[in-house]
1. Set Lys and Arg Cβ to +1 and Asp and Glu Cβ to -1, take the dipole of the stretch A:97-244 about its Cα centre, and tell me which of A:GLY215, A:SER119, A:VAL132 lies farthest positive.
2. Grab the other residues whose beta carbon is less than 12 angstrom from that of B:PRO189, score K and R as +1, D and E as -1, and report the net.
3. Dipole of the protein assembly as shown, Cα-centred, from +1 at each Lys and Arg C-beta and -1 at each Asp and Glu C-beta, to the nearest 20 debye?
4. Does a label point 7 Å from the Cα of B:GLN109, set along Cα-to-beta-carbon, have any residues of the stretch B:1-39 with amide nitrogen under 12 Å, and which are they?
5. May I ask you to give the solvent-accessible area per residue for the stretch A:2-166, in square angstrom, as obtained with a 1.4 angstrom probe?
6. Sticking with the crude label model, points 7 Å out along Cα→Cβ, report the distance from A:ALA83 to B:GLU57 in nm, one decimal please.
7. Tell me the total accessible area that B and A bury against each other, 1.4 angstrom probe, in square angstrom rounded to 100.
8. When the accessible area of the stretch A:33-165 is split by element with a 1.4 Å probe, what percent falls to carbon and sulfur?
Amino acid sequence: MSTLVIAEHDNSTLNGATLNAVTAAQALGADIDILVAGADCAAVGEQAAAVAGVNKVLVADNAAYGHQLAENLALLIAEVGAAYDNVVAPATTNGKNTMPRVAALLDVAQISDILSVESADTFKRPIYAGNVIATVQSADAKKVITVRTTAFDPAAPEGGSASIEAVSSAHDAGISEFVGEELAKSDRPELTAASVVISGGRGMQNGENFKLLDGIADKLGAAIGASRAAVDAGFVPNDMQVGQTGKIVAPDLYIAVGISGAIQHLAGMKDSKVIVAINKDEDAPIFQVADYGLVADLFEALPELEGKL
Amino acid sequence: MKVLVAVKRVVDYNVKVRAKADGSDVDLNNVKMAINPFCEIAVEEAVRLKEAGVASEVVVVSVGEKSCQEQIRTALALGADRGIQVETEGAVEPLVVAKLLKGVVEKEQPQLVILGKQSIDGDNNQTGQMLGALANMAQGTFASEVKVDGDAVSVTREVDGGLQTVKLKLPAIVTTDLRLNEPRYASLPNIMKAKKKQLDVFSPADLGVEVKSHLTQLRVEPPAERQAGIKVASVDELVDKLKNEAKVI
């Protein structure tokens, strides 16, 4: 039995989501190799080789993989993955983009967003915005899996000593090209990796008011998130959205400010250890999942909270 | 150019779905069904391309039981020109849906196929990408902007770090994210007109596809419930609880 984990990275740094995927792969009970596909990505290969519990790291260094274009990457992963029993990736936007293409090329189902490994062929995964957890069994000889990273602890990033091998396969499908990107720059922790998250919703009223969250986030070392309503209204950019179709977070402390608590938002944060809700509507559904609810006007509560932390 | 849009019949997004007590399946008795919200955005985008003179015809396809014709008619009322139902029974997995859609793509030869990025029942987020692999087409998933330019389409995608723009050779696949557009409401005259629009029905065999199951759903269960919390009376009490009871700050 062998499992191939697809590394998430930006050609220089291994993304932490890979470590959660390695832990999920360990639960499958097979030897683990990691595939690093990118351009000038040797440093990522070395970081992957240091991850505890990894047998071998395969590095496919080619310009065609530099921007993680699914059309090229899927051809590579399907080729390399043919020798493995399982192909596993974190359910990041890259994983979600590429892995179904891999599954289709291999003519197998994909098991999306797994929460647990029950046995080598049986998994739990959320359906209906996480209101139902399904246990599914795969009949395919080869499993293509994406992993909900918040459901698995990260593997230790140090302590391993995997061998590194170059993969020479160059697949350029020639049907897509990277044009550009606008990536948010922030000194704050990444939303999906932060131990504290403070999110604003429609109740924030405008983008300017999100600054009220800054001081609290600074004091708590928190990442700042938002509900779909706040993103749709243009208060903040899309990469801040927490929810069924945005980012899934499970920090130690989640503070929801001016968020009513639609089921689609709850799907993205209800596995947080402690949930605080601040909302002036005492009937808001968010209070049904909050450990501590404060019925208050956020424009008064936030400055007071910042002052008292 | 011809645009093909795939739509799915799902439980309305306002319904809170529950597992049956015996864990055999979800309880869908008497729940309101609707067009999957992401698919509705896909229909709207295709109709806007037609209104802008970019698309010449919008064909809408759905895979499912006869009842999904209701959602095809909804798409026709929103402005699609004709419909195709691929008639199947029971739940059909994304890989099979992708194979069926590939069959429709071969028949219809669209330049652009627009799908929702995921359906809100299975939350799989697979079908568009799988169709891309099977039909060897490029894909712009999680789209927040689509611009057709000659024999290519530029797609701005919502990704973890922000936005990414890719350029795809046509024919290509687009899967929609929430902010691509705001779907219109169908007007009564258009709902009436939609009833007369052409709707063809194919079987999987017509498309040369064997409907096969790769996954078995063994059981369903509700997620772990959170214990009901408490209301605090003041910011002081909140800070005290977080420090001394929850010990998270």
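The values are calculated or read from the model by the stated rules, or taken from the named source; none is laboratory data. Computed from a prediction, not measured in an experiment: that's the story for all the values here. Note that we place each Cβ from the backbone using ideal geometry, even for glycine, and neighbour counts take in every protein chain shown. When the accessible area is computed, the model is the full protein with side chains, heavy atoms only, and any ligands, DNA or RNA have been set aside. Shrake-Rupley method; radii C 1.70, N 1.55, O 1.52, S 1.80 Å.
1. In the stretch A:97-244, that residue is A:VAL132.
2. +3
3. 1420
4. Only B:2 pass the distance filter.
5. 30
6. Result: 4.8 nm between the two label points.
7. 6800
8. 48
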